[in-house]
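**Student:** What follows is a structure written as structure tokens; I'll ask about it next.
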Amino acid sequence: MTNLADRPLKADPNLFDTEEKLRKGNFLRGESRQLSLLLEDDMATVNKIDLDIELVTNEMDRLYREAVKGFGDSMIVDGKYEVTVREDRGKLVCPWGDKFFAPKTMVYARNIKSGKSINYSILAMHMIRNHCFFQGSGSPFRIEPLELKEFFT
């Protein structure tokens, strides 16, 4: 956990509250960097590889919406993606405090041509879209920005 004495003088106190919530879950498991540094590093990567977060998360959302139509069976989307969803009861609240409640749903997607796969939750998609948060390096749900770029390219 972040120690108050370790906080920079001009730090956003809301970010520290968010970091503490994220550390209580699996979102930052194994991540040694402070949330602010993780966000900066990921944003630098996003800029370096010219990743269009809006475009990518819109595609992730579209794949999710198409996969739901399969009721748990694999669906082929646009002849290039094989997608499946697993839905559980309940909802997950976004730890950023924006009052977003995500269904407990996992999307398993494979790019048929490249063979590359990504797995993501609806909450993870929301956090990438709205907070540019890809999760910590040890998180079981982290998606590297480069993985997203390569998957959709």
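The values are calculated or read from the model by the stated rules, or taken from the named source; none is laboratory data. Bear in mind that the values here come from a model prediction, so they are computed numbers and not experimental data. Positions of Cβ are backbone-derived with ideal geometry, glycine not excepted, and every protein chain shown enters the neighbour counts.
**Student:** Just for the range 84-106: of the residues that are among the acidic types (Asp, Glu) and either under 17 Å from Glu147 (Cβ atoms) or in contact with a strand residue (DSSP E or B) (Cβ under 7 Å, 6 or more places away or on another chain) (or both), which one is surrounded by the most Cβ atoms within 10 Å (Cβ to Cβ)?
**Tutor:** Glu87
**Student:** Working carefully through the options Glu82, Glu87, find the one that is more than 30 Å from Glu19 (Cα to Cα) and of a type outside the set (Val, Ile, Thr). First the steps, then the outcome.
**Tutor:** Details: Glu87 fails: more than 30 Å from Glu19 (Cα to Cα).
When all the criteria are applied, what remains is Glu82.
**Student:** Do you know which of the residues in the range 107-117 that are surrounded by fewer than 21 Cβ atoms within 10 Å (Cβ to Cβ) and not charged (D, E, K, R) is nearest to Phe27 (Cα to Cα)? Even if it seems obvious, please write down each step before you answer.
**Tutor:** Our first condition is that a residue be surrounded by fewer than 21 Cβ atoms within 10 Å (Cβ to Cβ); within the range 107-117, this holds for 108, 110-117.
Going one step further and asking which of them are not charged (D, E, K, R), we end up with 108, 111-112, 114-115, 117.
Numbers: Tyr108: 19, Asn111: 25, Ile112: 29, Ser114: 28, Gly115: 27, Ser117: 20 Å.
Per the stated criteria, the residue is Tyr108.
**Student:** If I filter the range 72-79 for residues that are under 17 Å from the mean Cα position of the chain (by Cα) and touching a residue at least 24 places away in the same chain (Cβ under 8 Å), do I get at least one hit? Steps first, answer last, please.
**Tutor:** Keep residues of the range 72-79 that are under 17 Å from the mean Cα position of the chain (by Cα), which gives none.
No, the conditions are met nowhere in the range 72-79.
**Student:** Hey, does the range 138-145 have a residue that's at pLDDT below 95, β-branched (Val, Ile, Thr), part of a loop (DSSP other than H, G, I, E, B) and surrounded by 15 or more Cβ atoms within 10 Å (Cβ to Cβ)?
**Tutor:** Yes - at least one qualifying residue is present in the range 138-145.
**Student:** Are there any pairs, at least 6 apart or on different chains, whose C-beta atoms fall under 9 Å, with the first in the range 23-40 and touching a residue at least 60 places away in the same chain (Cβ under 8 Å) and the second of a type in the set (Lys, Arg) and not in a helix (DSSP H, G or I), and if so, which?
**Tutor:** These pairs meet every condition: Phe27/Arg142; Glu31/Arg142.
**Student:** Go through the range 80-129 and count every residue that is in contact (Cβ under 8 Å) with a residue 40 or more places away in the chain and either among the polar types (S, T, N, Q) or on the phi > 0 side of the Ramachandran plot (or both).
**Tutor:** Number satisfying all stated conditions: 3.
**Student:** A follow-up question, please. Would you be able to say whether some residue in the range 135-144 is out of contact with any Pro (no Cβ under 8 Å at 6 or more places or on another chain), within 30 Å of Lys21 (Cα to Cα) and charged (D, E, K, R)?
**Tutor:** Yes, the range 135-144 contains at least one residue that is out of contact with any Pro (no Cβ under 8 Å at 6 or more places or on another chain), within 30 Å of Lys21 (Cα to Cα) and charged (D, E, K, R).
**Student:** Filtering the range 1-28 down to residues that are more than 14 Å from Phe133 (Cβ to Cβ) and surrounded by 11 or more Cβ atoms within 10 Å (Cβ to Cβ), which residue is modelled with the lowest pLDDT?
**Tutor:** Among those residues, the one meeting the criterion is Thr2.
**Student:** Still on this structure, I have one more. Output the residue which, of all residues in the range 41-83 that are hydroxyl-bearing (Ser, Thr, Tyr) and surrounded by fewer than 18 Cβ atoms within 10 Å (Cβ to Cβ), is nearest to Phe134 (Cα to Cα). Don't jump to the end; show me each part of the working.
**Tutor:** In the first step, residues of the range 41-83 are kept if they are hydroxyl-bearing (Ser, Thr, Tyr); the result is 45, 57, 64, 74, 81.
Then drop every residue that is not surrounded by fewer than 18 Cβ atoms within 10 Å (Cβ to Cβ), which leaves 45, 74.
On the way: Thr45: 11, Ser74: 25 Å.
Step by step, filter the range 41-83, then rank; the result is Thr45.
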